[in-house]
Amino acid sequence: MSSFEAVFGGSPEVVARAPGRVNLLGEHTDYNDGYVLPIAIEQQTSVSMRRNNEGRYVLRSEMLDCTVRFTLDSPPTEHFATYVYGCLVEAHAAGIKTPASDIYVQSDVPIGVGLSSSAALEVATLRAVRSLTGELVDDVLIAQLAQRAEIKHAGVRCGIMDQMASSLAGTQSALLLDTRTLERRLIPLPPGSAVLVLDSGLARTLAGSGYNQRRAECEEAARRLGVISLRDVNDISVADTLPEPLRRRVRHIVSENERVLLAAACSGAEEFGALMNASHASLRDDYEVSVSELDRLVALLQAHSHVYGARLTGAGFGGACVALCEPQALPEISEGVLLDYSRSGFSGRMLVPSSARDRSVRP
Ligand code: GLA
């Protein structure tokens, strides 16, 4: 196995880590100033750094088996490197000047399935920068710099959920986040429940998908309704004044914000699960970001007697589904559902709990 030592010789000065995330509720609400409820997953990205004398950054990715050299004036062309480059540039602009360094990236966060591998890379990079420079940078600023890096340098007009989750969430409690004010609170999972994430096997590309189009539709709807953002719409019936598909887009955002707040205050796993099921229906019918593979996988999960609720997670158009389940039944649910899914002609896999590190079932 490769390592910083094997590639660069000697030890790194700093090693920083950050997790991926799975969003339990609150999908496509973050760029509408709304509420989200993500939780960190066990899989992490680690970034090791050491100053060099080369006058440029040398970035090595273990997963991609690729080495890239760049300076802040000459952006790399390799897509994965633009995340690291973007973080260094945005940190620099904020007064955190990182010296030329050797950078080594390792990760077991699954890529391209909606578990925020890019946010994990950004936050781990910025944590490494914080340690290397000794600058006082708080976790919220790290998330903000990471989001800027993604928007300006990787070309994805994302909200701030993923970076805030990677920077501030834990694996045992979800992060209830108001994306307008960045006020936040940790919400423990309902007693007697655990998170299961299954990959639909259908790849999605965020920038190439309808993500930016949905975002533009929301902006257009807010403009027509005379509000700063759809967060400011409280009465769902005002959407009826809009043409389709804007009416349904607004209905999703308003109802999804309500579901997040209800889930954060809910009494138990059944109620939480019902809100997840309603979220999927809204994402499928009103927001139209589901596809047949996700609908099938979610339907199989929802029909399982040990599952409280399930939905697509992340931007949609492919990727993963999240379910709230009875903890003891996780292996049985995963195996049974994936078998039935394969009988429908699709091929999925379990992502959380991580099969690589941890197959155990936690209460
Ligand atoms: C992606 C974006 C997030 C958020 C979700 C949808 O993960 O990066 O900011 O918009 O999609 O909820």
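Is there a residue being among the aliphatic types (A, V, I, L, M), assigned to a helix (DSSP H, G or I), touching an Asp or Glu at 6+ places or on another chain (Cβ under 6 Å) and within 13 Å of the ligand (Cβ to nearest atom) anywhere in segment 115-138?
Checked segment 115-138: at least one residue is among the aliphatic types (A, V, I, L, M), assigned to a helix (DSSP H, G or I), touching an Asp or Glu at 6+ places or on another chain (Cβ under 6 Å) and within 13 Å of the ligand (Cβ to nearest atom).
Might you let me know whether segment 197-216 holds any residue that is in a helix (DSSP H, G or I) and small (Gly, Ala, Ser)?
Yes, some residue in segment 197-216 is in a helix (DSSP H, G or I) and small (Gly, Ala, Ser).
Can you name the residue in segment 139-168 that is within 14 Å of the ligand (Cβ to nearest atom) and closer than 23 Å to PHE272 by Cα and is also surrounded by the most Cβ atoms within 10 Å (Cβ to Cβ) among such residues?
The qualifying residue surrounded by the most Cβ atoms within 10 Å (Cβ to Cβ) is SER166.
Out of all the residues in segment 31-89, which are within 26 Å of the chain's Cα centre (by Cα) and assigned to a loop (DSSP other than H, G, I, E, B)? It would help to see each step written out before you state the result.
Kept after step one, since they are within 26 Å of the chain's Cα centre (by Cα), are these residues of segment 31-89: 31-49, 59-68, 75-89.
Those that are within 26 Å of the chain's Cα centre (by Cα) and assigned to a loop (DSSP other than H, G, I, E, B): ASP33, GLY34, GLU62, MET63, LEU64, ASP65, PRO75, PRO76, THR77, GLU78.
Return the residues of segment 53-66 that are more than 23 Å from GLN163 (Cα to Cα) and out of contact with any helix residue (DSSP H, G or I) (no Cβ under 8 Å at 6 or more places or on another chain); say none if nothing qualifies.
Result: ASN53, GLU54, GLY55, ARG56, ASP65.
Mind checking whether some residue in segment 264-274 is out of contact with any Phe, Trp or Tyr (no Cβ under 9 Å at 6 or more places or on another chain) and part of a helix (DSSP H, G or I)? Outline the logic, then answer.
Initial filter on segment 264-274 (out of contact with any Phe, Trp or Tyr (no Cβ under 9 Å at 6 or more places or on another chain)): 265, 267.
Those left that are additionally part of a helix (DSSP H, G or I): none.
No, segment 264-274 contains no residue that is out of contact with any Phe, Trp or Tyr (no Cβ under 9 Å at 6 or more places or on another chain) and part of a helix (DSSP H, G or I).
Out of segment 1-10, which residues are over 28 Å from the mean Cα position of the chain (by Cα) and surrounded by 12 or more Cβ atoms within 10 Å (Cβ to Cβ)?
GLU5, VAL7, PHE8
So VAL22 passes all but one of these: (1) touching a helix residue (DSSP H, G or I) at 6+ places or on another chain (Cβ under 9 Å); (2) within 16 Å of the ligand (Cβ to nearest atom); (3) modelled with pLDDT under 95. Which condition number does it fail?
(3)
Out of GLU42, GLU62, GLU27, GLU54, report the one residue that is acidic (Asp, Glu), under 30 Å from ALA263 (Cα atoms), touching a residue at least 24 places away in the same chain (Cβ under 8 Å) and more than 16 Å from the ligand (Cβ to nearest atom). So that I can check it myself, show each step before the final result.
Details: GLU62 fails: under 30 Å from ALA263 (Cα atoms); GLU27 fails: more than 16 Å from the ligand (Cβ to nearest atom); GLU54 fails: under 30 Å from ALA263 (Cα atoms).
Going through GLU42, GLU62, GLU27, GLU54 in turn, just one is acidic (Asp, Glu), under 30 Å from ALA263 (Cα atoms), touching a residue at least 24 places away in the same chain (Cβ under 8 Å) and more than 16 Å from the ligand (Cβ to nearest atom): GLU42.
Condition first: more than 15 Å from the chain's Cα centre (by Cα) and either in contact (Cβ under 8 Å) with a residue 24 or more places away in the chain or at positive phi (or both). Now tell me which residues in segment 130-147 satisfy that. Before the answer, list the steps.
First pass over segment 130-147, keeping only residues more than 15 Å from the chain's Cα centre (by Cα): 130-142, 145.
ARG130, SER131, LEU132, THR133, GLY134, GLU135, VAL137, ASP139, VAL140, LEU141, ILE142, LEU145 - these are the residues of segment 130-147 that are more than 15 Å from the chain's Cα centre (by Cα) and either in contact (Cβ under 8 Å) with a residue 24 or more places away in the chain or at positive phi (or both).
Determine whether LEU246 is in contact (Cβ under 8 Å) with a residue 40 or more places away in the chain, assigned by TED's automatic domain parsing to the domain that holds LEU339 and not basic (Lys, Arg).
no
The values are calculated or read from the model by the stated rules, or taken from the named source; none is laboratory data. Just so you know, these numbers come straight off a predicted model, no measurement behind them. All Cβ positions, glycine included, derive from the backbone under ideal geometry; neighbour counts span all protein chains shown.
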